[in-house]
Amino acid sequence: MSWDIHNLFLRHARDIARSLRRGGLSHDTAADLTQDTFLRVLNAQPVPRSEAHNPAAYLYRISRNLRIDHQRKERLANRLFLSYADFTEIADPAPSAEAVVTGREQLAIVEAALADLPERQRTAFELHRLGEMTMAEVGKNLGLSTANVWALIRDAYDHLDQRLAGK
């Protein structure tokens, strides 16, 4: 069975495009899908079955399916388009492998640098930084003035900074 595609196009293309526009498509998209409808029929005409006896119904069904597919793709594309800000919000917050390795190397340097500090300086630093004590609390704990605690912690920070800088 062979269809006269030219005559079918002349008789039904305008109505198919109008039907697609009523389905929510723009004029240009409806025109494109109308052409795609006829291309589908040209590339694979139906085998003789019930729909082959009604070419117009067959064309409308193809155009309807193309419209549904197009609208699904549009909805998916709208959902998949993310601004940079949206993208960074869903990005994995876990550090990269390089950041983990660098962090571990720096931690080893800091641990070694802390071990090099004099006992009282290291204790003052650890109580303040790790124990979250105020300078006054550290001073009371170690029997030192706040000014002396401040000097010990400042020197500890300087030592750690130099070691992290590779000096």
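The values are calculated or read from the model by the stated rules, or taken from the named source; none is laboratory data. Just so it is clear, the model here is predicted, and its values are computed rather than measured. When we count neighbours, we look across all protein chains shown, and the Cβ atoms used for this are built from the backbone with ideal geometry, even at glycine. For the accessible areas, the whole protein counts, side chains as well, though only heavy atoms, and no ligand, DNA or RNA atoms are used. Shrake-Rupley method; radii C 1.70, N 1.55, O 1.52, S 1.80 Å.
Kindly give the semi-axes, whole Å and largest first, of the ellipsoid equivalent to the chain, taking each as the square root of 5 times a Cα gyration tensor eigenvalue.
Computed over the chain, the values are 81, 16, 12 Å.
Using a 1.4 angstrom probe, figure out how much accessible area the chain has per residue, in square angstrom, rounded to the nearest whole.
It amounts to 71 Å² per residue over the chain.
Residues of segment 137-167 with the amide nitrogen closer than 16 Å to a label point 7 Å from the Cα of GLU105, along Cα-to-Cβ, please.
Those under the cut-off are 163-167.
Just reorder THR102, THR29 by solvent-accessible area, largest first, 1.4 Å probe, all chains present.
Heavy-atom accessible area, descending, gives THR102, THR29.
Using the Cα centre of the chain as the reference point, and only Cβ charges (+1 on K/R, -1 on D/E), how large is the resulting charge dipole? Debye, rounded to the nearest 20.
1320
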